[in-house]
C-alpha cells in the first residue's frame, strides 16, 4: 500500500498530519481518478484495467475515506472545494505537475473545481455522473433515508463498504455524505442554484462529460444547464448507463472507448 503524508489538509481540519492512501497502477500518462461520495470501493475502475498501458492511474482515498486519515466531524458544505485543495496537495507530494483528472459523482465536482482553481495542472478533465445543482429534489428521500439509517444499504453494498472503509467506519462515511447533501439543499437559495457560484463557464481546460442517461441522481434539465455553461465541452451520454457508467455491466465498455480517445 502507498501513502503520502500531508502536514495538514482543509478537507480534514481535525487531523494533523493527514495520511492519504493512494493506488498507483500502470506507467502511461498520469490520470488521477477521484472517487464519489461513498468511496472508491463502491465503484472501482476494475473494468478499466486494460487501459494501464495508456495511463498511469493515481487513485487517492480522500481524507475521511478508505485507508486515509479518518475525520469524525460533519462534512462542511464547501467540502468539494476543500477536497480539490487536498488533491492538489497530494499531486504536489507525488511531484505530478500535470495530469488528466477523471472524477466520478462528487469526484467530478471536485475535478471541475480543480480545473477552475489550477487549470495549468489539468491536461483534460473527464467528468462522470456530474452534479450541477446544490439541491436534488428527486434524490432527497435517498439522502434522508441513508442519513437516518445508513446500515439499511443492501448486503452487497455493505460488503463493499466494509472492505473499503472498515467495519467500524463505513456507516459513518455513508451518513456524513448524505447529511452534507441535505445541508447543501437546506442552505440553497433555490432549486437552480449551482455548486459553482455561477462560474462553471469560466472553466477553460478541455472537458469530456461521461453521463448515464438513466442516472437516478440527475435532475430534469440539469445536464442541459451544464451544456449551456460549457458549450465547447464534449458531452457523451451513455444510453444504458446509470450513476456509474464506468463500472456498470451494460456501460463500461462504452466508457473505455471514450477514455481511449482522450
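Report, to two decimal places, the Cα Rg of the stretch 101-234 normalised by 2.2 N^0.38 Å (N = number of residues).
Output field value: 1.12.
Counting other beta carbons within 10 Å of each Cβ, put 254, 5 in order, fewest first.
5, 254
Listed highest first by mean packing, meaning other Cβ atoms within 10 Å per residue, what order do 86-93, 186-193, 109-116 come in?
109-116, 86-93, 186-193
Springs between alpha-carbon pairs under 10 angstrom, Gaussian network model over the chain: which of 50, 106, 215 fluctuates most?
In this elastic network of the chain, the residue with the biggest mean-square fluctuation among 50, 106, 215 is 50.
Taking 0.36 nm per residue of separation and subtracting the Cα-Cα distance, what length does fully extending residue 154 through residue 201 add?
13.1 nm
Using a 7 Å offset from the Cα along the Cα-to-Cβ direction at both residue 172 and residue 227, what is the distance between the two label points in nm, to one decimal?
4.3 nm
Kindly put 135, 202, 218 in sequence by how many other C-beta atoms sit within 10 Å of each C-beta, fewest to most.
Listing 135, 202, 218 from fewest to most nearby Cβ atoms yields 202, 135, 218.
Quick one: check the C-alpha center-to-center distance for the stretch 13-62 versus the stretch 104-119, whole angstrom.
Here the answer is 15 Å between Cα centres.
Express in nm, to one decimal, how much length is gained between residue 162 and residue 214 on full extension, taking 0.36 nm for each residue of separation and deducting their alpha carbon distance. Each step should come with its number before you reach the end.
Details: separation 52, 0.36 × 52 = 18.72 nm, distance 2.71 nm.
Value of the extension gain: 16.0 nm.
What share of all Cα pairs of the chain, in percent, falls into each consecutive 5 Å distance bin?
1, 6, 13, 19, 21, 19, 13, 6, 1, 0
For the chain, set up a Gaussian network in which alpha carbons nearer than 10 Å are linked by springs, and say which option among 207, 153, 42 fluctuates the most.
Per the Cα network of the chain with a 10 Å cutoff, 153 tops the list.
Output the antiparallel fraction of DSSP beta bridges having both residues in the chain, as a percent to the nearest 5.
30 percent
What is the fewest-to-most order of 105, 72, 229 by other Cβ atoms lying within 10 Å of their Cβ?
72, 229, 105
Is the stretch 191-262 best put as rounded, prolate or oblate by its Cα gyration tensor, with a ≥ b ≥ c the root eigenvalues, rounded for a/c under 1.5, and otherwise prolate when a/b is larger than b/c, oblate when not?
Judged from the Cα gyration tensor, the stretch 191-262 comes out oblate (a/c at least 1.5, b/c at or above a/b).
If r is the Cβ-Cβ distance from residue 50 to residue 186 and R0 is 41 Å, what FRET efficiency results, to the nearest 0.05?
Approximately 0.40, to the nearest 0.05.
Only the coordinates and a few stated rules stand behind these numbers; no lab work does. Values in this document were obtained by computation on a predicted structure and should not be read as measured data. Glycine also receives a Cβ, built like all others from the backbone with ideal geometry; neighbour counts cover every protein chain displayed.
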